[in-house]
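Let me begin by presenting the structure, written as structure tokens, before commenting on it.
The values are calculated or read from the model by the stated rules, or taken from the named source; none is laboratory data. Owing to the predicted nature of the structure, the values given are computational and were not obtained by experimental measurement. Here the Cβ positions follow ideal geometry from the backbone for every residue, glycine too, while neighbour counts run over all protein chains shown. In case anyone asks, the SASA skips ligands and DNA or RNA and just uses the protein heavy atoms, side chains included. Shrake-Rupley method; radii C 1.70, N 1.55, O 1.52, S 1.80 Å.
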Amino acid sequence: MTIHHLTWATLAATLIASFSHAALAEMPADVQVPDGNTVALETVGVGAITYMCEMNDEDTMAWVFKGPHAALNDSDGSQVGSYYGPPATWEALDGSKITGTQLATAANGDGNIPLQLVEANPAEGEGAMSGVSYIQRLNTQGGVAPDVACDMDHNGATAVVIYQADYIFWTAE
């Protein structure tokens, strides 16, 4: 059984409207990038997060995160890369890619995955991801585990939840 929440059309309709520098000004302190870094690339991730109904680490049935898959688009809506995992990987169309270590998260309202600050590992390959020091996930919409039954009767069920988020890539000055 696969459960789909929201629609691609709804997400596409809000894509351009949500891409904004205002998100940078309104973020919680926990997910702010340290001084000495500058924005190198701004993208909007539009995609889905997969969850599976299974036994979690606390030995209870729950929707367990399995991974994201999203297109990274520029402000014109043109795809410039992809985001997928695990492990969380941001890959530019030129083939350069990065992974990272989560440093902090901050809540962003009911039904939305949290904002996030990630410290980037050195890039693989030369290109747009070379030199990226931090990645911020801002302006999140959707993406949380579904609010539907997850019990032994649903063991192994998957839920694909649509989401959108701004991914801001930073480099050291």
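Quick notes
- Bridges between two residues of the chain, per DSSP, are antiparallel at a rate of about 95%.
- Unit charges on C-beta of K, R, D, E only; dipole of segment 87-140, Debye: 140
- What a 1.4 Å probe finds exposed on the chain is 51% carbon and sulfur by accessible area, rounded to a whole percent.
- Counting only protein chain heavy atoms and rolling a 1.4 Å probe, the accessible areas of Ser96, Ser78 rank, largest first, as Ser78, Ser96.
- Computed helical MRE - 222 nm, the chain, DSSP H runs ≥ 4 contributing -39500 (n - 2.57), nearest 500: -2500 deg cm²/dmol
- Å³ per residue enclosed by the Cα convex hull of segment 17-173: 117
- Those GluC sites (Glu not before Pro) in segment 105-141 that DSSP places in a loop and that have at most 11 other beta carbons within 10 Å: Glu126
- Close amide H contacts of Gly67 (hydrogens built in the peptide plane, cut-off under 5 Å, sequence separation of 5 or more or a different chain): Thr50.
- Here the translational diffusion coefficient of segment 92-149 follows from Stokes-Einstein with Rh set to the Kirkwood radius across Cα pairs; for 25 °C and 0.890 mPa s it amounts to 190 µm²/s.
- Between Val64, Val148, Val132, the residue with the greatest mean-square fluctuation in the GNM of the chain (Cα pairs under 10 Å linked by springs) is Val148.
- Alpha-carbon centroids, segment 47-75 and segment 120-173: separation in whole Å: 9
- Based on Cα contacts under 8 Å between residues 6+ apart, segment 93-173 shows a relative contact order of 28 percent.
- Computed over the chain: relative contact order in percent, which uses C-alpha pairs under 8 Å that are six or more apart: 30
- Residue-normalised accessible area of the chain, given per residue in Å² at a 1.4 Å probe: 50
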